[in-house]
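First the structure, in the form of structure tokens, and then the observations on it.
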């Protein structure tokens with residue numbers, strides 16, 4: 001999947017979406033072998049940088065998100081839309097694609 005490149009200074013997710021800054025992928029294996037870019041796996045861990053207002057319920061109320069800005073999360077491997085802002089990589093995904101909060 002191709003990444004979307006944006007040149008904006010602020011991103012505000014809508015609904016139950018979250019904006020996650022992707023953590024750097026591993027450069028070396030546990031045995032000390034350097035990995036080329038083609039062999040690196042897509043990271044699944046990142047830090048929440050922005051959270052939408054929450055899912056809109058049938059009665060018009062909002063369901064508050066379970067996560068907040070600053071949480072480190074584990075998310076589904078192929079979930080979301082890859083976005084590049086400057087040299088930083090982000091993923092815009094739904095709250096349901098977040099598997100766990102990690103510390």
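The values are calculated or read from the model by the stated rules, or taken from the named source; none is laboratory data. Fair warning: this is a prediction, and the values are worked out from it, not measured in the lab. Positions of Cβ are backbone-derived with ideal geometry, glycine not excepted, and every protein chain shown enters the neighbour counts.
A few remarks follow.
- Set side by side, the residues 83, 101 differ, and just one is loosely packed, with under 15 Cβ neighbours inside 10 Å and touching a residue at least 24 places away in the same chain (Cβ under 8 Å), which is 101.
- Residue within the stretch 73-80 that is over 19 Å from residue 99 (Cβ atoms) and outside any loop (DSSP other than H, G, I, E, B) present: no
- Residue match in the stretch 43-50 (condition: at pLDDT below 90 and either in contact with a strand residue (DSSP E or B) (Cβ under 8 Å, 6 or more places away or on another chain) or in a loop (DSSP other than H, G, I, E, B) (or both)): yes
- Flag set for residue 58, criterion: out of contact with any helix residue (DSSP H, G or I) (no Cβ under 6 Å at 6 or more places or on another chain) and surrounded by fewer than 15 Cβ atoms within 10 Å (Cβ to Cβ).
- In the set (1) over 11 Å from the mean Cα position of the chain (by Cα); (2) at pLDDT 90 or above, the condition left unmet by residue 32 is number (2).
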